[in-house]
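The structure appears below as structure tokens.
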Amino acid sequence: YDSYDYESNTHDVFDVNMHDYEHNGTMTVALYDNGERIQSSDYLLAAFDESGECVGHTQSTAFPFDGGNTIFPLMVYGNEDGVGLTFKAYQLSTGQYHEIDQRLSFTHDMTLGDGFDPVVMNLVAEPTEFSIGNPYPNPFNPVVNFDVEITNESYVTAKIYNISGQEVATIHDGMLSAKNHQMRWMADSYASGVYFIKVVIDNNPATHKKIVLLK
């Protein structure tokens, strides 16, 4: 079984503050990829509520009473019953996020599945398609807008860098739903000059857009 320092690395991928929630529930999950059960510790599994907030995450473990099959013992948190839950897997070796086909509803104290009969979830094979619109207006003063359109729920970072390559602002860093999102940067406290918008969606190559602030 592959070794992985879960505690020191998971917060770089998913994060949840359990103290923000009154209730919790558990589920035991088996992950499948193209019909084959995932039997390694190369994946993390996370749950998200309807606002895109991470409400639970876990690493895989071997279930000792079923031939050592891999399971994901996931605790999820919530404040209200009936809130929809979606799921995403993260592959450690590739840095890639995977959509999951399962949708569930949160119920406090719920217990779904066990080591012998886990909840089955499947990785969605198709990659996220996306487009980054040209910034407008450009040149600008002091607000510039740009559109990010994605076809699957994805982890998106959008940041601003100056001509020296230094990060100067974060526009977004988190999950986004599948639709067109309008983003903007208010640059009233920044000096005139050339800047770059850098957008990263899941594990796709970064997209850069040049913008010019004229005051």
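I'd like the residue in segment 66-95 that is β-branched (Val, Ile, Thr) and over 16 Å from VAL16 (Cβ atoms) and, out of all such residues, is farthest from the chain's Cα centre (by Cα). This residue is THR70. In contact (Cβ under 8 Å) with a residue 40 or more places away in the chain, of a type in the set (Val, Ile, Thr) and surrounded by 14 or more Cβ atoms within 10 Å (Cβ to Cβ): does that describe VAL156? So VAL156 fits the description; yes.
In summary, LEU85 fulfils each of the numbered conditions (1) in contact (Cβ under 8 Å) with a residue 40 or more places away in the chain; (2) part of a strand (DSSP E or B); (3) over 30 Å from LEU213 (Cβ atoms) with the single exception of condition (1). As a summary of the residue check, LEU112 satisfies the conditions (1) crowded, with 18+ Cβ neighbours inside 10 Å; (2) outside the structural domain of HIS172 (by TED's automatic domain parsing); (3) of a type in the set (A, V, I, L, M, F, W, C) except for the one numbered (1). Being surrounded by 13 or more Cβ atoms within 10 Å (Cβ to Cβ), without any contact (Cβ under 8 Å) to a residue 60 or more places away in the chain and within 15 Å of the chain's Cα centre (by Cα) is a description that applies to GLY56. At least 2 residues being farther than 12 Å from LYS88 by Cα, of a type in the set (Gly, Ala, Ser) and in the same structural domain as GLU99 (by TED's automatic domain parsing) is the threshold, and among the strands (runs of 3 or more DSSP E) wholly inside segment 20-59 those reaching it are 23-33.
When segment 128-153 is limited to residues that are loosely packed, with under 15 Cβ neighbours inside 10 Å and of a type in the set (Ser, Thr, Tyr), the one that is modelled with the highest pLDDT turns out to be TYR136.
Here THR170 does not qualify as hydroxyl-bearing (Ser, Thr, Tyr) and either within 16 Å of the chain's Cα centre (by Cα) or in the same structural domain as ALA46 (by TED's automatic domain parsing) (or both). Being surrounded by 14 or more Cβ atoms within 10 Å (Cβ to Cβ), outside any loop (DSSP other than H, G, I, E, B) and within 25 Å of the chain's Cα centre (by Cα) holds for only one residue in ILE197, ILE211, and it is ILE197. Annotation for segment 131-152: no member residue is farther than 30 Å from ILE197 by Cα and within 19 Å of the chain's Cα centre (by Cα).
The values are calculated or read from the model by the stated rules, or taken from the named source; none is laboratory data. Remember, it's a predicted structure, so these values are computed and weren't measured experimentally. Positions of Cβ are backbone-derived with ideal geometry, glycine not excepted, and every protein chain shown enters the neighbour counts.
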